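Colleague: Got a structure for you, questions after.
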Number of protein chains: 2
Amino acid sequence: MKTLEKILENNKVKPTAMRLLVLQFILRKKTALSLSQLENYFDNADRTTIYRTIKTFVEKGLVHQIDDGTGVTKYALCEENCECEIETDLHLHFHCTKCEETTCLTEHKIPQINLPEGFIAENINLVVKGICDKCSTS
Amino acid sequence: MKTLEKILENNKVKPTAMRLLVLQFILRKKTALSLSQLENYFDNADRTTIYRTIKTFVEKGLVHQIDDGTGVTKYALCEENCECEIETDLHLHFHCTKCEETTCLTEHKIPQINLPEGFIAENINLVVKGICDKCSTS
DNA sequence: ATAAGTATTGCAACAATAGTGCATTAACTG
DNA sequence: CAGTTAATGCACTATTGTTGCAATACTTAT
Ligand SMILES: [Mn+2]
Ligand SMILES: [Mn+2]
Ligand SMILES: [Zn+2]
Ligand SMILES: [Zn+2]
C-alpha cells in the first residue's frame with residue numbers, strides 16, 4: 001500500500017496539498033471522472049488549479065484521458081507500468097447510459113483492426129455504450 | 001442518380017432551400033464535416049438554421065454523427081438502407097492527424113467485442129487516428 | 001538567514017461548441 | 001382567403017476547455 005506522496009513522487013510530480021487531495025479522490029473512485037466532478041467535490045478549490053492538476057497528472061503518466069463520446073473528457077488512473085500514450089490507452093472503455101459512469105476495462109484490449117491500403121494507424125479509441133454490470137443487476 | 005429533392009423526400013424531410021444546399025455540400029464532400037465547416041461555407045446563412053438542418057438530417061436518418069475524438073462532432077451521409085442508430089454506426093471511423101479529415105470506413109465493420117459479465121453493449125464507437133491514404137502517399 | 005529564482009496557485013478573461021426561447025416569415029390546408 | 005403548421009433568424013445562455021498574469025509558496029545559492 002503506497003502512500004499518496006509516494007505515488008506522486010514515483011511519477012515525478014511534487015506532492016502539493018491539492019495534488020494529494022485530487023489523487024486521493026481519483027484513487028477512491030472506481031470509475032473515470034470529469035473535471036466538473038472534481039470541481040463539485042472540491043467546491044472551494046479553484047477551477048484552474050484542478051484543471052492544471054489533472055493536466056500535470058496526464059503529462060506525467062499518472063492518469064489517462066478518456067473520450068467516452070459524451071463530449072466531456074474523463075480521467076482515470078493508469079495501471080502500474082502502463083504503457084499508454086498520452087491521449088488514449090490500448091484497453092477499451094465502457095460508458096453506461098443508465099448511471100452515466102465510464103469504466104476502464106483494462107483487461108479488455110482493443111482487437112486488431114485492419115485498415116484499407118494507405119491508412120496508417122497511430123492510435124485507437126474504442127468506446128462501448130450500454131448498461132454496466134452494476135446497473136444490469138439491480 | 002437521384003436528385004437532391006428525391007433524397008430528402010425519401011427520408012421524409014421537406015426540401016427547403018437551405019436543406020438542399022446543405023445536402024449538396026455534404027454529398028460533394030467525401031469526408032465527414034463539422035457544423036463550423038458548413039457555417040464557413042454558407043457564410044451568410046444563420047448558424048441556428050444550419051444547426052437545425054443537420055439535426056433534422058440526423059433525426060431522419062439521412063446523416064450520422066461521428067465523435068472522432070477532436071471534440072467537434074462530425075457528420076456524414078448514411079449509406080443507402082443503412083441501419084445505423086441515431087448516434088453512431090457499426091463501421092469504424094478514421095481521423096487523419098495530418099489533414100485533420102475524418103473518413104467513414106463503411107466497409108470496415110467493428111469486430112466482435114466481448115465484455116465482462118454483466119455489461120450489456122448497445123452501441124460501439126471505434127475511431128482510429130493516424131495518417132490517411134491521401135496524406136501517406138504524398 | 002537572506003535574496004534570487006522557480007514552481008504553483010488564484011483570479012479574470014476568452015474562445016469554441018452546443019443549445020434554447022421567441023418572434024417572424026414561409027408553406028400548407030381547407 | 002383565413003387559419004394552422006413548419007421553418008427560419010436573432011439573441012441569448014451554458015458548458016467545457018484554455019490562457020495571461022499577478023500573487024504566493026517553495027527551493028537553492030550566497
Ligand atoms: Mn482507461
Ligand atoms: Mn461514418
Ligand atoms: Zn451503470
Ligand atoms: Zn489525411
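Just so it is clear, none of the values below were taken in a lab; they were calculated from the coordinates. Source: prediction; values computed, not measured. Heads up, the Cβs are rebuilt from the backbone with ideal geometry, glycines too, and the neighbour counts pull from every protein chain shown.
Colleague: Percent of Cα-Cα pairs more than 27 Å apart in the protein assembly as shown, please. Walk me through the intermediate numbers first.
Modeller: Values: 18262 of 37950 pairs.
Counting every Cα pair in the protein assembly as shown, those more than 27 Å apart make up 48 percent.
Colleague: Another question, if that's okay. In degrees between 0 and 90, to the nearest 10, how far off the longest principal axis of chain B does helix B:17-28 point, with axes built from Cα atoms?
Modeller: Helix B:17-28 sits at roughly 40 degrees to that axis.
Colleague: Any idea what the B:Asn11 label distances to the other copies are, label 7 Å down the Cα→Cβ vector, nm, shortest first?
Modeller: Result, one decimal in nm: 4.3.
Colleague: Moving on. Want the number for B:Lys98 to B:Thr137: 0.36 nm per residue separation, take away the alpha-carbon distance, what's left? Write out the running numbers ahead of the final one.
Modeller: Working: separation 39, 0.36 × 39 = 14.04 nm, distance 1.22 nm.
Additional length available on full extension: 12.8 nm.
Colleague: Could you give the angle, 0 to 90 degrees to the nearest 10, between helix A:47-59's Cα long axis and the longest principal axis of the Cα atoms of chain A?
Modeller: Between helix and principal axis, roughly 60 degrees.
Colleague: Kindly flag which residue pairs out of A:Lys6/A:Lys74; A:Lys60/A:Lys129; A:Lys60/A:Lys109; A:Lys2/A:Lys134; B:Lys60/B:Lys109; A:Lys12/B:Lys74 have an alpha-carbon separation exceeding 31 Å in this structure.
Modeller: Values: A:Lys6/A:Lys74 24 Å; A:Lys60/A:Lys129 29 Å; A:Lys60/A:Lys109 23 Å; A:Lys2/A:Lys134 28 Å; B:Lys60/B:Lys109 22 Å; A:Lys12/B:Lys74 38 Å.
Correct reply: A:Lys12/B:Lys74.
Colleague: Based on alpha-carbon centroids, what's the gap between the range A:91-121 and the range B:40-72 in Å, whole number please?
Modeller: If we compute the Cα centre of each part, the gap is 26 Å.
Colleague: Residue by residue through the range A:33-43, which ³J(HN,Hα) values in whole Hz follow from phi under the Karplus form 6.51 cos²θ - 1.76 cosθ + 1.60 (θ = phi - 60°), with glycine and proline marked x?
Modeller: Working through the residues one at a time gives 10, 9, 4, 5, 5, 5, 4, 5, 5, 9, 6 Hz.
Colleague: Quick check: from the Cα gyration tensor, does the range A:1-134 come out rounded (a/c under 1.5), prolate or oblate?
Modeller: On the way: a/c = 1.94, a/b = 1.48, b/c = 1.32.
Judged from the Cα gyration tensor, the range A:1-134 comes out prolate (a/c at least 1.5, a/b above b/c).
Colleague: Further question on the same structure: Taking 25 Å as R0, compute the FRET efficiency from the Cβ-Cβ separation of A:Glu39 and A:Lys60 and round it to 0.05. Each step should come with its number before you reach the end.
Modeller: On the way: r = 21 Å, r/R0 = 0.85.
E(calc), rounded to 0.05, equals 0.75.
Colleague: Give me the inter-chain shielding for B:106-119: mean count of other chain Cβ atoms within 10 Å, whole number please.
Modeller: Working: counts 0, 1, 5, 0, 4, 6, 1, 8, 2, 8, 7, 3, 7, 13.
Mean shielding by partner chains, rounded to a whole number: 5.
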